[in-house]
Amino acid sequence: MSSQPAAPEPLISLYETIAGDEDARVCRDIPADACHAQPVNFFVHLVSNTLSKIGDELASARLVLAWMLGALGAPAAFAGFLVPIRESGSLLPQLFVAAAIRRQPVRKWFWVLGSVGQGLAVALMAVVALTLEGAAAGWAILALLVLFALARGVNSVAAKDVLGKTIAKRRRGTVMGYAASAAGLATLGLGLYLTLANLEQAGVGLFAALLATAAGVWWLSAAVFAGLHEQPGATEGGGNAVAEAMRSLGLLWSDREFGHFVLTRALLMSTALALPFYVLLAEAATSGSFVTLGLLILATGLASAVSAPIWGRASDRSSRQVLILSGLIAGLLGIGLATASWSGMAPALDGWVYAVLFFVLGVSHAGVRLGRKTYLVDMATQQTRAAFTAVSNTVIGALLLVGGLFGLLAQLAGTEFAILVLALFSLAGAASAWRMPEV
C-alpha cells in the first residue's frame, strides 16, 4: 500500500488532461510511491517553477538590474559584470555542491533553501536601491548578486535531481514547458508595462518595487515546493566535496555519451550569447528607441509563452531532435541577419522587424534550454543525475566566462561578425546533436 496520500480526483483529472493521453499515470522509471504522488508533484513542480521563472524576469540582470544601476548613478563598468556573475556564479560552484546534496536522501529542502536565498538577496537589493547611490550601490549589488548566484546554483542541482525522482520520464519536458510558458505570459505583461511606462522619468522606487515583488515570488515558490512528496533516494557519491568534484569531472571522458552531450550543450550556448548582439544591432538601427527595447522584452515573453509547451512535448518525444532543430533555427537566422546587415539592409529595418528576429531567436533558445534539460535528466540515472548536472553546469559556467571574448570580437570586427561566428557555432551544435543517441 502506498505511503503517499491520495490526490483529489479533480486534480488527477486535470493532470491527466494536461499530460495529454490515456497512460498519463503510467510511470516508467520512478518508484510506485512516487508514481502515486505524481499528480500532486506535477502541479507542485509546475507552480513553483513558474513562480521562480517570474522572479527571474522581475530581477533580470540584463534589464532591471542594469537599468537600476544607471538610475542610481553607478559607473557603467558595473553593468558589464551583471550577466557573467549571475550565470557563471550560479554554475561554477555546482560541482562541489552536488556532493553535499548527494549525502541527503531527501533533496527538496536544498531547492527550498536556494529559493529562500535568492529571495533574500533580491530583497536586500531593493534596500540598496532605496539607500545607496553611485559606486557604493554598484559594489553592493554585485556582492548581493554573487550570493544570489550561489543560491541559484544550489537550486539548479537539486531541481533536476528531484524532478528525476518525482516525475516520470515522459512527463518532465511537459511540466517544464508549461512552467516556461506561464512565466513567458508574465514577461509579456512586464514588457507591456515597461513599454508604456516612462522609465526615464521613473524614480528608483519602481526598481525597488520590482525587486521586492521578486523576493516575495521566490519565497512563495519555496513554500509551494516544500509540499512536494519526495521519496528518500540513494546517497552514494556524497563524500568529500573536492574529491567527488574531481572524480565527477572524469565523467567527461569515461562516459562518452555524457561527454558528447556536454560538447553539444557548449556549442548551443551560442544561442544565449547571441541575444545581446541582436539587441546591439537593433539599438543602432533604431537610434536607441526605448519603444524598440520594450518590443524586444515583449518578444522574449511571447517566444517563451508560445514555444515552450511545444518544445516541452517535443522534448518528451525526442529531446535530441529538439536540440537539432533549435540549433538550425539559430544558425540560419544569424547567418541571414549578418548577411542582411553587411548588404546594407539592416539600418532600414524598424523596431518591429527586430522584435520578430528576436522572437525567432528566443524560440530557438527556449528549445535549446528545454531540450538539453530533458535530455540530461532522461540520460542520467538516479545515481548519476546530480553528478551529470553539476559537471555539465560547471563546464558551461567556465565557458561562459570565456564567452565574454565575443564582446571583444564584436568591438574589433563588428557586431555582425560576432553574430555570424555564433551562428556557425549553433550549426555545429545542431550537427553534434544529430550524432547523439536517442535516450
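The values are calculated or read from the model by the stated rules, or taken from the named source; none is laboratory data. Keep in mind that this is a model prediction, so the values were computed, not measured. All Cβ positions, glycine included, derive from the backbone under ideal geometry; neighbour counts span all protein chains shown.
Here are a few things to note about the model shown:
- So Ser304, is it buried (at least 23 other Cβ atoms within 10 Å of the Cβ) and not assigned by TED's automatic domain parsing to the domain that holds Thr187: yes
Residues are listed down the side, and each one gets a yes or a no for (1) basic (Lys, Arg); (2) buried (at least 17 other Cβ atoms within 10 Å of the Cβ); (3) within 19 Å of Asn393 (Cβ to Cβ):
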| residue | (1), (2), (3) |
| --- | --- |
| Leu263 | no, yes, yes |
| Ala266 | no, yes, yes |
| Ser270 | no, yes, yes |
| Leu296 | no, yes, no |
| Trp311 | no, yes, no |
| Leu323 | no, yes, yes |
| Ile329 | no, yes, no |
| Gly344 | no, no, no |
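- Residue selection: Gly327 satisfies the criterion of being assigned to a helix (DSSP H, G or I), of a type in the set (Gly, Ala, Ser), over 16 Å from the mean Cα position of the chain (by Cα) and outside the structural domain of Leu188 (by TED's automatic domain parsing).
- Flag for Leu422 being out of contact with any Ser or Thr (no Cβ under 8 Å at 6 or more places or on another chain) and part of a helix (DSSP H, G or I): no
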